[in-house]
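The values are calculated or read from the model by the stated rules, or taken from the named source; none is laboratory data. Everything quoted here is computed from the prediction, not taken from an experiment. Note: ideal-geometry Cβ built from the backbone for every residue, glycine included; neighbour counts use all protein chains shown. Quick note on the areas: whole protein, heavy atoms, side chains included, nothing else; ligands and nucleic acids left out. Shrake-Rupley method; radii C 1.70, N 1.55, O 1.52, S 1.80 Å.
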Amino acid sequence: MRSLLDFLVRHGSAFLFILLEGLSLFMLFGMNDRQNSAFMTSAGNLSGGILSVSSGISDYFGLKAENTELATENAMLRDYVEVLLADTVSEFRNQASAYGINVLARVIDNSIRKDDNYITIDRGTVDGLEKGMGVYNARGVIGVVMLAGNRNSIVLPILNSKSSISCKIKGTDHFGFLEWHGGSPYDAKLKDIPYQSEVVKGDTVVTSGFSQSFPESSLVGIVNRVERRQNDHTLDIDVRLATDMTDLGWVYVHTQTDDPEIEELNRLVEGN
């Protein structure tokens, strides 16, 4: 009790100020219609602002759930498209993974500023993922599964010095390899395109289909610069990547990578 009294004595002036301030405000707004109206308007605006922010937060988390649902539906639609593009449905079923052609995954870690960047996704072998499977999103190619764990996988992205993706200029049979030598996360180099190739700025770069990681003609980027060096047999080509590698959320993993006949031929070649 004595402690309470000592506390009140020490802070008595503060309590008195608060009491008088409250009384003044009550008299100002309670006994004056004009000030009361202004106060209620300001309070309403403040309340509305708080509710607006609260609603925005709710909408954000609601959109996150909707985005997840839409991404899942997109993965299913991509499977249906590949069914339609297959020669026969039975052929499709024989080649497709039991988990579906396109497995939806979420990026949980991503680096872009190193010479050798890596991406981590929240899907692994239990979801049907294996080393060598292509990873992409709605905008274009991202990389290839490098290491698959049980529930998570490491992706070797375009933005890695060890990455080399077989590509070609759309509408031609001239192919080369997409490589990244550091620097901008928005650009890469297309190497080994023959000197005589008719390549111009604005041409579309797509996957060649020579690798089983991606289907043929998956979007990679747009030619941003072409240089023809006199004492060189290939073109120097800069490519603006279709995918913004700095902004990755949901991705798809292309699981249809196994062709039994090709695998058997490779084993026969290696055996000789």
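Some notes on this structure:
- Length available on full extension from Asp247 to His181: 0.36 nm per residue minus the Cα-Cα distance, which gives 21.8 nm.
- Amide proton proximity set for Ile165, modelled H, under 5 Å, gap of 5+: Leu178
- For the listed residue pairs Lys114/Lys162; Lys170/Lys201; Lys170/Lys191; Lys162/Lys201; Lys168/Lys191; Lys114/Lys201, the alpha carbons are over 22 angstrom apart in Lys162/Lys201; Lys114/Lys201.
- Relative packing of peptides 209-216, 238-245 - highest average C-beta neighbours within 10 Å first: 238-245, 209-216
- Using every pair of separate Cα atoms, the Kirkwood estimate puts the hydrodynamic radius of the range 118-192 at 13.2 angstrom.
- Average accessible surface area per residue within the range 160-263, 1.4 Å rolling probe, Å²: 51
- In sequence order, calculated HN-Hα J values of the range 248-254 (Karplus, 6.51, -1.76, 1.60; Hz; x Gly/Pro): 10, x, 8, 9, 10, 10, 7
- The solvent-accessible area of Leu248, taken with every protein chain present and a 1.4 Å probe, is close to 30 Å².
- Under Karplus coefficients 6.51, -1.76 and 1.60, residue-wise ³J(HN,Hα) of the range 162-169 in Hz, glycine/proline x: 8, 6, 8, 10, 5, 9, 8, 7
- Computed from phi, the 3J(HN,Hα) profile of the range 197-213 under the Karplus parametrisation 6.51, -1.76, 1.60 (θ = phi - 60°) reads 5, 8, 10, 10, 4, x, 5, 8, 9, 10, 5, 7, x, 6, 9, 7, 5 Hz, with x in place of Gly and Pro.
- Full-stretch length increase - Phe210, Asp109 - with 0.36 nm per residue and alpha-carbon distance subtracted: 33.4 nm
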